[in-house]
Amino acid sequence: MPVIQPDLLAARFPSTFRFGVASASYQIEGAATEDGRGVSIWDTFSRTPGKVIGGDTGDTACDHYHRYPQDFALMKKLGYDNYRLSFAWPRFYPDGKGKLNQKGVDFYDRLIDELLGQGINPLVTLYHWDLPQALEDEGGWKNRDTAYRFEAYAAEVFRRFGDRVQSFITHNEPWCASVLGYLFGVHAPGLQDMETALVASHHILLSHGLAVNEYRAQGHTGQIGITLNLNPVYAATDDTLDQAAATRQDVFSNRWFLDPVLKGEYPKEMEQWLGSLPAAMRAEDLPIIAAKTDFLGINFYSYAVVKHDQEDKLLQLQNVTPQDHVTDMGWPIKASTLRDLLNRLKRDYGDIPLYVTENGAAYPDVVEDGRIHDTERTAYVSEHIEACADAIADGVDLRGYFLWTFMDNFEWAFGYSKRFGIVYTDYDTQERIPKDTALWYADVLKSFRTRA
Ligand code: IFM
């Protein structure tokens, strides 16, 4: 599919639409021990041999902690005027609770002021996976108390930043935090237990609802929501067994989180599949979890095609998604599935305002004469922005699109081996080089701002 011309693409969006770029604290900041920051579960996990490719850690990452003024100046130069970032809980509360670390607060004070000074609008995520290790030592998200500690941290952030930051996201991808972290063990804290993952997911969602209620109680006029990573699922055939397999995968990947947040209930299929839910997933928490949000954030990367397979232990299915068109992560690409997903959300969950809070692709970039010709990434982004425009034309209330990610950074268990940035990071020199996609996206945003 050809890359669509920036002005033609931009013309398809309403003037209120927010285009931006996204990032997360542990992936870019570095300065892991500076100014009183506490240890996070990702410090512990990445320093454990064998957990992250190449033994990489976020100790230095993009050194954004020291270079944010230059990074924001580059954003401004490229015309990116909406920026989704996350705050690191261990900078506020090194032990997750107790005494506030003033130097951590001061850092984000300076950072937010710098952003606003550059005319860039911040959207702040409170939790993008860097749980204070001290809380993990007390059980992490499987301990109900962590939800109340999160509420206290969120309350402090809202009090201090609620005037300057108009958009907050409570959690980023609770599916990853609980399933990758507590069931598959490939993310921090690296546990492998189904019941623990279920309970962790419930407490994360509880903490989300508590934070939303706290935001309202403080009387802020901005907006608050949650970001879920969603993966549309298709059955390989019309066969009823394959259709049922697709439903199971959809419950596992999507409805486990969508239903409690937007409907105040867990999918009944979960109980059929698991026998019963753990007692710690208290039914009386569901009205809190379903606290009304102002929007739903969606992180979208790929899709899945599945068929029934009795031999598979977890969900009795096999992933048969075509592998002929994949990114460097091996994630299959089909942009029309984003349009399907956005329409499905409207159909099944009502007309809640939606944001694509992440979308992007990793490719093995090479610098040639100071340029990075990342044509595959440009095509990926162009097709997906077009899918957003199609969904809006279908009547979906989509309000924004945030590209993942501004610059190459620490890609969790893949360390620095995967590059998702539209700006190239030279990890030896910390030089930033805008890739061709960054320049193309700058043109889209320029056309968007100046269109008739
Ligand atoms: O890098 C991650 C991000 O932290 C969360 N969403 C998916 C991205 C790519 O894997």
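The values are calculated or read from the model by the stated rules, or taken from the named source; none is laboratory data. Note that this is a predicted model, so its numbers are computed, not measured. Every residue, glycine among them, receives a Cβ derived from its backbone with ideal geometry; neighbour counts consider all protein chains shown. Areas reflect the complete protein model, heavy atoms only, side chains present, ligands, DNA and RNA absent. Shrake-Rupley method; radii C 1.70, N 1.55, O 1.52, S 1.80 Å.
If the condition is being touching a His at 6+ places or on another chain (Cβ under 9 Å) and within 16 Å of the ligand (Cβ to nearest atom), then region 301-340 contributes Pro332, Ile333, Leu338. Open to solvent by less than 30 Å² (accessible area, probe 1.4 Å) and in contact with a strand residue (DSSP E or B) (Cβ under 6 Å, 6 or more places away or on another chain), is that true of Tyr303? Criteria not met by Tyr303.
For region 373-386, a residue qualifies if it is buried (at least 23 other Cβ atoms within 10 Å of the Cβ), under 21 Å from the mean Cα position of the chain (by Cα) and of a type outside the set (Ser, Thr, Tyr), and the qualifying residues are Arg377, Val381, His384, Ile385.
Residue pairs whose Cβ atoms lie under 6 Å apart, separated by 6 or more positions or on different chains, with the first residue in region 191-206 and crowded, with 24+ Cβ neighbours inside 10 Å and the second basic (Lys, Arg), are Ala200/Lys142; His203/Arg144. Within region 21-42, the set of residues being closer than 25 Å to Thr357 by Cβ, assigned to a loop (DSSP other than H, G, I, E, B) and in contact with a strand residue (DSSP E or B) (Cβ under 6 Å, 6 or more places away or on another chain) comprises Ser23, Ala24. Residues that are open to solvent by 10 Å² or more (accessible area, probe 1.4 Å) and away from the ligand (no atom under 12 Å from the Cβ) within region 399-414 comprise just one, Arg399. Selection over region 250-266 of residues that are surrounded by 21 or more Cβ atoms within 10 Å (Cβ to Cβ), of a type outside the set (Ser, Thr, Tyr) and part of a loop (DSSP other than H, G, I, E, B) gives a count of 0. Screening region 155-176 for residues that are under 14 Å from Arg216 (Cα atoms) and surrounded by 21 or more Cβ atoms within 10 Å (Cβ to Cβ) and picking the one that is farthest from the ligand (Cβ to nearest atom) gives Phe158. Looking at Gly58, is it in contact with a Lys or Arg (Cβ under 6 Å, 6 or more places away or on another chain) and open to solvent by less than 40 Å² (accessible area, probe 1.4 Å)? No; evaluated as a whole, the condition is false for this residue.
When region 341-361 is limited to residues that are away from the ligand (no atom under 14 Å from the Cβ) and assigned to a loop (DSSP other than H, G, I, E, B), the one that is most open to solvent (accessible area, probe 1.4 Å) turns out to be Asp351. Restricting attention to region 213-239, which residues are aliphatic (A, V, I, L, M) and open to solvent by 60 Å² or more (accessible area, probe 1.4 Å)? Passing the criteria: only Ala217. Cβ-Cβ contacts under 7 Å between residues 6 or more apart (or on different chains), taken from a first residue in region 260-288 that is β-branched (Val, Ile, Thr) to a second residue that is not in a loop (DSSP other than H, G, I, E, B), are listed as Val261/Leu205; Val261/Ile226; Val261/Ile289; Ile288/Leu206; Ile288/Gly209; Ile288/Leu210; Ile288/Asn213. Thr437 passes every criterion in (1) surrounded by fewer than 19 Cβ atoms within 10 Å (Cβ to Cβ); (2) assigned to a helix (DSSP H, G or I); (3) within 16 Å of the ligand (Cβ to nearest atom) apart from (1). A count restricted to region 129-153 and to residues that are surrounded by fewer than 24 Cβ atoms within 10 Å (Cβ to Cβ), over 12 Å from Tyr93 (Cβ atoms) and basic (Lys, Arg) stands at 1.
Would you call Gly370 at positive phi, surrounded by fewer than 16 Cβ atoms within 10 Å (Cβ to Cβ) and away from the ligand (no atom under 14 Å from the Cβ)? For Gly370, the condition - at positive phi, surrounded by fewer than 16 Cβ atoms within 10 Å (Cβ to Cβ) and away from the ligand (no atom under 14 Å from the Cβ) - is met.
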